[in-house]
Amino acid sequence: MFIWASNMGKKSDVWQGTLALMVLKTLETMGPMHGYGVARRIEQTSGDRLLLNYGTLYPALLKLEQEGYIASEWGVSENNRKAKFYMLTRAGQAQLKHEAREWEETADIIARFLAPEKESL
Amino acid sequence: MRKLRALIVRLGGWRGRGRRERELSEELEAHFQMHVEDNLRRGMSAEQARRESALRFGSVDAAKEQVRSGWTVGFLEVTRQDVVYAARGLRRNPVFAVTAVLSVALGIGANVSIYTLADNLLIRPLPYHDPGRLVMVWETNHTRARNEFNVISPANYRDWKAQNNAFESMGAFGDGRGVLDDGRRVEEVRVQYMTSDILPMLGVPAYRGRFFTAAEDLPNTPDVVLISYKLWQSWFGGEEGVIGRSIKFAARPATVIGVMPPGFFFRNREIDVWTAMGLDPARDYRKNGGRGPSCVARLKPNVGFAQAQAQMTAIGQRLEAAYPAFNKNWNVKLEPLRDSMVRKVKTSMWVLLFAVGLLLAVACANVANLLLARHNSRRREMAVRCAIGAGRSRVVRQLLTESLLLAMSGGVLGILLASGAVRGLVALAPRDLVGGATIEIDLRILVFAVALSLLTGIVFGLAPTLAASRADLVTGLREDGRGSIRGNSGLRRLLVAAEVALSVALLAGAGLLFRSLVGLQSVDPGLDANGVLTFRVSLPRARYPEAPRRVEFYQRALEQIRALPGVRAASAIDYLPFRGMAAGTHIFIAGRPPAKPGEELVSTIRTVTPGYFQAMGIPLRSGRDFSAADNTVESPYRFVVNESFARQYLAGEQPLGAQISAKMQDANPFGEIIGVVGDVKEGAVDQLPSPTIYYVHAHMGSGQMVFVVRANGDPRLLAEPARHVIRGLDGAQPVAEVELMETVVRETFSRQRFSALLMVGFSLVSLLLAAVGIYGLLAYTVTERTREFGVRVALGAAPGRITALVLGMGARLVLGGTIAGLAGAMALSSLLKTMLFGVGAHDLATFALVPVVLAGVALLAAYLPARRASRLAPLDALRAE
C-alpha cells in the first residue's frame, strides 16, 4: 500500500497539473516568492474565481522542487519575517513554455468541438 | 526524466528528516502568520483573522502529512520504519537477541562450512571442458570385489581404442615419481605419464608452450615434459625462458615444452610434471605385462553413458574370448570422472550435509520458540497497533521484518564463523580428501549463505506471524491478556519436542560413528608403528641400469643406517603397508594341478630386505626371516608368507618348506617358504588381510624402496643422519616422503575420524540449543503459572512437590521428543552402514545411551526453572500478574 499515492489521489490529476502550471507561471511573472505569496497571487490572477485550499499548495511545491523545476531558499519577507522563497529554474522555465503550449493546443481543439454549428458537413 | 530525478531525490529522503520537519513547521507557521497579518490589515479582528486563515489553509496536519509522505518512497519508508523498530526492539531485549542471533549463526555457520567443503569436492564442475562427458575406463573382475575398478592393461587399452565407437578420444595415464634436476636443484617430484590424447581431451590450454604430440609419445624419442605453474614459479622464478630449457628428469635429459595453468590438476593435485607415456606400439603388453595404467575417455557428443557401457562390455567379452589366459573373468567398467574422484567420500559428505541440515532445523526451532515467547509478551502491543489503524498485514510485515533482521544478522555472523571454520575443517580433513585443493568461501557460496539466511528467517518467522494472524484482538487488549496463551504454548511445546527429536537423531549418529572410530583404532594393525621413521629412495633406471648395483646400493645404505646411533633396526620395503598400493599376481603351489583360467590363486607381493619384520614389529610366527645370504642375486629363491596365505592356500599343511612361485618376472622359479609372519591389516583395517608373499630384495632388484627405521628414541631425529648417509652414497640422490609410520597408519582412519568428530560437534551444538529451548519453555511456563504455584504452596504443597511438578513438565517434553528422535534415528541409521565398523546400525548400547545423555541435559536445563518455582513466596506469587 503506497500511502503517498493514496493520499495524493484524492485531488484530481487535472487540477494537480494545473496547480503546478500556475505556480510556475506565477514565479516567472513575479520572480522569487514565498508560498503564501504564490497562493495569494494565484487567487488574484484567477480573478478570485479559484479558491485554493492553501494546504494543498505545499505538497505541490515539494514535488516541483524534487523534479527540479523550482529551487528554494530561506530569506526574509516584507514584514521582516523568515520565510522560504521559491524561484524558477531554467528547467522550470522550459517546462513552463512547454506546458503552456500544450494547454493552448488543448484549448484550441476543445474550442473547435464546442463551436460545431459553424462547421458544415 | 524529471520523474526519475524526483525518485532519486526521494530515495535519499530519509536523511535530514529532523531538519526538514523543523523547516516545514516554520514555513507553514510563517504562512499562517502572514495570512493573519493580511487579514488584520483588512480590518478583521484578531479572532476573525485567525479563524479565516485557519479555514482557508485547511488541515495543517493533513498538509504536513502529505508533504512528509512526499519526502520518501512509500515502500522503502515503511520498510525503514520496520527495520528501525525491529532493531530497537532487539536492543531492548539483549538476551533474546543474542540467543536468537547466536542460534542462527551456529546453524548457518555450520551449514556454510560443510557446504563449502561439499561444493569443492562434489558439486563444483571439474575444471575441464565439458567435464560431464569424461569417463574413466576401468577393467573389472566380477569374481573379485577388490578388483571392481581395476587399473588396465595397455594391450586391452589399445584394442578398446581401436574397436570402440562411443568415444571421441581415449587416453592412458599413470602416476609416478621422478627426480627432477635443473642443474641447481635436485628433488623428487610427482609425475603423471600420459598418452598424447589426454591433455587435448581435457580441453584446458597450456599456459605457456604446448602439449606433446603423438610422435613424441613413442619410446626412444627425446623426453619432453610439461611443468605445473607452481613448479614454474618456485623452481624457475616464472621466467619465460623456461620453454625449451633442458633439464634432467629421471636421470635422462628432457626438454621443458610447456607450463600448465595455475591450479590445473588431473585426479591428483600433487603432480608437478607431465610427460609422455611412451607405450611401445611394437610390444605385446599381454606377454610379460600386467595391469598398471588407468584410462580416461571422452564420450562422443551423441552417445550416452549407458550406451557406451553396453558397447564396451561387448568389446570386453570379445577380448575375454580372444585372450583367455589374460582376460578370463575380466571386462570393462565405465565410471564418470567425477564419481571416480569422490567415490570414497560421497557417503560421508552427504551424511554430514544432512546432519548439518538437521542442526539448522534445530536452530530454527529454537529461534521460532524464542520469537513465540516474545510475541506472547507483545500481544497487547499488537492489539493496540491494530486498534489504531495498522492493518493486520502491516503488523505481520513488522514481525516478518524482525525475523529477517534476526536471520540476516545471524547469517552475517554465521558466514564469519564459517570462514574460520572452513580453515579448521581443511586442516582436520583427511589428506586424500582435500589434498592441495584451495577450499575457500567464494561468491557463489556467499550467495548461498545469504539465501539460506533469508529462507531461515522466513521459516522461523512463520511461527509468530501465524500466531499473530490468528490472534484475537479483543482478548489481547484485555487486562489479563495472558489467559489466551494456551493456544501458543502447544506450538512451543511441539517445537521443543522437535528440537529434542532432532538432537537425539544427531546424537545417535555421532555415537555410532564415534564407536566405529574407536573400534577401528583399537584393531591391532599387525605391526608396531610407534617409533618408526620411513623415507623413500628411488634410484633412476638411467643411472642404475643393472639390478646388482641397485641391490648393492640399498645394502650399503642399510649397513650404514644400522650403524647410526639411536637406530634399533632398519630395513626396506617396496611399498609401505597402509598406503593402499602393492603388487599382486597369480601364484602357483608346487604339486597342485594348474588352475583353470579365471580360478588362479592370487596373492599380494611385497619386496623386502632382510630384517624388515623386526623393524616393523611384525611378529614371526614360524620359521625364519631372510638373511644376508638370502639377499644375493645368485641365491635360490626363498619366500616368507603371511598367516593369511598359509591359512587360505596351505590349510592343513605345514607351510614351511612348501614350494611356491609367483608370476612376477620373466623367469619365476619355485622357491621354498622359509617363514610365516603375522598378518598386517593393511589396505583397510576392516577388511580381511590378503594373502601375501614376501620376496627378498635381491631377486626383484627393485629401485624404489622405502626405508623403515626403528629408533630407540625419537625417530624424527634420525631423518637428517639418514639423509646424510644416502647423500654420502650418491650425491644426486634425494630422499623423499620422510614420514613417521604412526602418521601413515593414522591417515587410514582420517576419514572416519573426520566424520566422527564433526558429527560429535554438531550433536553437541544441537544439544546446547535444545537445552536452551527446554530451559526457555520451562522458565516461561513457570512465570505463567506463578499464581497457580502460589496457590499450591499456600494450600500446603512442599517446595519439593513444586520442583517435581516442573521437572515432570520437562520430562514429558523430552520423552515425546526422544521417542520420536529414536524412531527416526533407527530408521535413518541404516544409511550409515557403509561408514560403520564393528558396530551395527541399530547398536543397542548407542541407542540406549543417547536418551540417557539427553535426559541428563534436559534435567540440567529444567533444574533452574524448577528451583525458581519451588522458591516462590506464595504471597508474591498470588499477587503476580
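The values are calculated or read from the model by the stated rules, or taken from the named source; none is laboratory data. Quantities reported herein were computed from a predicted structural model and do not represent experimental measurements. Ideal geometry is used to build each Cβ from the backbone, glycine not excepted, and the neighbour counts take in all protein chains shown. Note: areas computed on protein heavy atoms with side chains; ligands, DNA, RNA excluded. Shrake-Rupley method; radii C 1.70, N 1.55, O 1.52, S 1.80 Å.
Computed quantities for the displayed model
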| quantity | calculated |
| --- | --- |
| Reachable lysines from B:K346, criterion Cα separation under 21 angstrom, eight or more residues apart if same chain | B:K333, B:K833 |
| Two-site FRET efficiency, B:T834 against B:D442, from Cβ-Cβ distance with R₀ of 30 Å, rounded to 0.05 | 0.45 |
| Over chain B: Kirkwood hydrodynamic radius from C-alpha pairwise inverse distances, Å | 33.7 |
| Projected label distance in nm at B:E187 and B:R20, using a 7 Å step from Cα toward the beta-carbon | 6.4 |
| Residue-normalised accessible area of region A:20-69, expressed per residue, 1.4 Å probe, Å² | 39 |
| Long-range amide H partners of A:K82 with built H, under 5 Å | A:S77 |
| Tail beyond 48 Å, pair distance distribution of the protein assembly as shown (Cα, percent) | 52 |
| HN-Hα J in Hz across region B:848-863 - Karplus 6.51, -1.76, 1.60, θ = phi - 60°, x for Gly and Pro | 7, 6, 4, x, 5, 4, 4, 4, x, 5, 4, 4, 4, 5, 7, 4 |
| Nearest-ten-degree value, helix B:799-829 long axis tilted from longest Cα axis of chain B | 40 |
| Proximal lysines relative to A:K25, as straight alpha-carbon distance under 27 Å, when same-chain residues fewer than 8 apart are discounted | A:K10, A:K11, A:K63, A:K82, A:K84, A:K97, B:K3, B:K64 |
| Net length gained if the chain between B:R801 and B:L428 were fully extended (0.36 nm per residue, minus Cα distance) | 129.3 nm |
| Computed lengthening from B:R397 to B:Q654, 0.36 nm per intervening residue step minus Cα-Cα distance | 84.0 nm |
| Mean projection area, nm², convex hull over Cα of region B:306-351 | 4.3 |
| Principal semi-axes in Å for region B:525-602 [√(5λ), Cα gyration tensor, largest first] | 32, 20, 13 |
| Label-to-label distance, nm, for residues given as B:L757 and B:F75 (7 Å Cα→Cβ offset) | 4.8 |
| Protein accessible surface hidden between A and B, which excludes ligands and nucleic acids, total in Å², probe 1.4 Å | 3000 |
| Alpha-carbon Debye profile of region B:238-381, log10 I(q)/I(0) at 0.10, 0.16, 0.18, 0.20 Å⁻¹ | -0.71, -1.17, -1.24, -1.30 |
| Hydrodynamic radius (Kirkwood) for region B:81-158, which is based on Cα pairs only, to one decimal in Å | 18.3 |
| Cα-based helix-to-principal-axis angle, B:74-92 vs chain B, degrees rounded to 10 | 80 |
| Using alpha carbons only: equivalent-ellipsoid semi-axes of region B:561-714, gyration tensor based, whole Å | 26, 17, 15 |
| Estimated FRET transfer efficiency when R0 is 22 angstrom, pair B:N530-B:R579 (beta carbons, to 0.05) | 0.75 |
| Förster radius 30 Å - calculated FRET efficiency between B:S627 and B:R723 (Cβ-Cβ, nearest 0.05) | 0.60 |
| Whole-percent carbon and sulfur share, accessible surface of region B:514-615, 1.4 Å | 54 |
| Within straight-line cross-link reach of B:K161, aspartates and glutamates at Cα separation under 20 Å, skipping those fewer than 8 residues along the same chain | B:E139, B:D197, B:E216, B:D217, B:D280, B:D284, B:E320, B:E335 |
| Portion, in percent, of the accessible area of region B:166-256 that falls on carbon or sulfur, probe 1.4 Å | 51 |
| Using alpha-carbon coordinates, inclination of helix B:2-11 to the longest axis of chain B, degrees | 90 |
